[in-house]
Amino acid sequence: MIGLDLGSTAAKMVKFEGKIKEWRIVRSHQWKELIPSEGKICTTGYFRKALPNTKSITEITAARYGTTYFFPDAEVIVDIGGQDTKVIDIRNNSFVINDKCSAGTGAFLEFFAEYLGMSMEEMGNVYEVEKVELNNTCGIFMLSEVISNLVKGHGKEKIIAGIQWSFARKIASMIPEAENIVVIGGVAKNKGIVNALEKILDNKLMIPEHPQLINALGAALYGDK
Ligand code: ADP
């Protein structure tokens, strides 16, 4: 069974046969490269309806299936993607979504990484460093604060750390009290964000080995039922 997750930023494919046999991540518009010549496909993600499929499920269902495969005790799932953040409370079947505000999305981080001339990998590896305080939670207003800090001579790493903290504060405000919190989605690969979230929530978060693939895995698992 193939799980395909076509999100706003990236397209993810997981082939599942008793275990993860194969996986790939490409930019969303390159999704055709992920379509297998044969086999059943279960799709998920914002653009799931645009894909050929045998079955199709929401990202909420996919996130539950994929996450509990690795963490059966998960209580809350925080899925941080390119254009939105979803917080799913498995205990009472509820979820909240932020798809209105740029702060708290991967695209916002990509914008600042590019502005500061860093790759996402480099940005993600900035953590446990001194940070500048950024007061604006709006991505657009934050740009002028970032520029003002650059003008003052603050280094890029300090500014990145400040952006990550401000981002993490926004996400943390969506998360309910819980012991077992799992973070998935591409932004879970950003150690700086995870580190700031852990400090703000005073909790050790659970991160799967390939957090960006969890919804594609969930689709494959659901499709196999
Ligand atoms: P969507 O499902 O909305 O397309 P994803 O869950 O695929 O989103 O996440 C995309 C986001 O993941 C990007 O906007 C970027 O911020 C982040 N990301 C992707 N790869 C990395 C990486 N190697 N390090 C840090 N962040 C990353």
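Extension gain for residue 203 to residue 150 (0.36 nm times residue separation, less C-alpha to C-alpha distance): 15.9 nm.
Among 77, 20, the order of accessible area from largest down is 20, 77, computed with a 1.4 Å probe on protein heavy atoms. Take residue 189: with every protein chain present and a 1.4 Å probe, its accessible area is about 120 Å². Full extension of the chain between residue 137 and residue 169 gives 10.6 nm of extra length, using 0.36 nm per residue less the Cα-Cα distance. The amide H of residue 10, built 1.01 Å from its N in the peptide plane, has 28 as neighbours under 5 Å, considering only residues 5 or more places off or on other chains.
Converting the Cα gyration tensor eigenvalues of the chain into ellipsoid dimensions via √(5λ) gives semi-axes, longest first, of 32, 19, 14 Å.
Probe radius 1.4 Å, ligands and nucleic acids ignored: give me the carbon and sulfur share of the accessible area of the stretch 87-225 as a rounded percent. Carbon-and-sulfur percentage of accessible area, whole number: 51. Annotation: residue 54 carries an accessible surface of approximately 80 Å², with a 1.4 Å probe and no ligand, DNA or RNA atoms counted.
In the context of the full protein assembly, residue 101 retains an accessible surface of approximately 40 Å², using a probe radius of 1.4 Å and ignoring ligands and nucleic acids.
With respect to the chain, whose longest principal axis is taken over its alpha-carbon atoms, helix 156-172 is tilted by about 60°. Rolling a 1.4 Å probe over the heavy atoms of the protein chains gives the stretch 1-114 an accessible area of 50 Å² per residue. What the stretch 117-158 shows is 65 Å² of accessible area per residue, with the surface traced by a 1.4 Å probe over protein heavy atoms.
The values are calculated or read from the model by the stated rules, or taken from the named source; none is laboratory data. Fair warning: this is a prediction, and the values are worked out from it, not measured in the lab. Side chains included, ligands, DNA and RNA excluded: accessible areas come from the protein's heavy atoms. Shrake-Rupley method; radii C 1.70, N 1.55, O 1.52, S 1.80 Å.
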